[in-house]
Amino acid sequence: MANITLGICEDIAKSVPVENGVQISYRSVMGVEIPTVTIDTSELQMPYGYMGSNSQLDQAYICFYKAKLVTVQLAEIENSVYRLANAIKKTQSRANALKNIIIPDFEETTKFITDALEEKEREEFSRLKVIKRGKERKKAEQSV
């Protein structure tokens, strides 16, 4: 409506200053850096003169100002969700690797070690029996 009533508002648009009040800081949530975006929300002032404008331009400026505030919130939320989703994806792949590769390998190694120890125990038991029989024979031969 502002363009319809005033024509092309290019000259007025050039008088609007560039936004320099956006700051980004980070906080850690479960090891993931999440951005916190803040914007300077000082009192809304129309940077153009009232002589060459009308209420339609004021309304458009206010709507764009509100859109800027919502865009800042959206940027913070979208970036946070994206980073958390990536962290969850990485964690999920690590959990799958543990479940499907690491744990089965450890179970196989544990079984191998257990079997080897049982085999050594049986060998030792049979060796002790042979030694015991040999001692009993020597004892029997010496007593005869």
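The values are calculated or read from the model by the stated rules, or taken from the named source; none is laboratory data. None of the values given here were measured: they were computed from a predicted structure. Glycine gets a Cβ as well: all are built from the backbone with ideal geometry, and neighbour counts include every protein chain shown. Ligands, DNA and RNA are stripped out before the accessible areas are found, and what is left, the full protein with its side chains, is counted by its heavy atoms. Shrake-Rupley method; radii C 1.70, N 1.55, O 1.52, S 1.80 Å.
If you go through the range 122-144 and pick out every residue that is more than 60 Å from the chain's Cα centre (by Cα) and open to solvent by less than 80 Å² (accessible area, probe 1.4 Å), you end up with 2. Restricting Arg94, Arg83, Arg133 to those that are part of a helix (DSSP H, G or I) and either more than 30 Å from Ser28 (Cβ to Cβ) or of a type in the set (Phe, Trp, Tyr) (or both) reduces the list to Arg133. Identify all residues within the range 13-48 that are open to solvent by 50 Å² or more (accessible area, probe 1.4 Å), of a type in the set (A, V, I, L, M) and either at pLDDT 90 or above or assigned to a loop (DSSP other than H, G, I, E, B) (or both); write none if there are none. Val16, Val18, Ile24, Met30, Leu44, listed by residue number. Scan the range 90-118 for residues that are of a type in the set (Lys, Arg) and modelled with pLDDT of 95 or more and the total you get is 1.
Condition check ((1) polar (S, T, N, Q); (2) within 17 Å of Val32 (Cα to Cα); (3) open to solvent by less than 80 Å² (accessible area, probe 1.4 Å)) across all residues:
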residue	(1), (2), (3)
Tyr65	no, no, yes
Thr71	yes, no, no
Leu74	no, no, no
Asn79	yes, yes, yes
Asn86	yes, yes, yes
Arg94	no, yes, no
Ala97	no, no, yes
Ile102	no, no, yes
Lys120	no, no, no
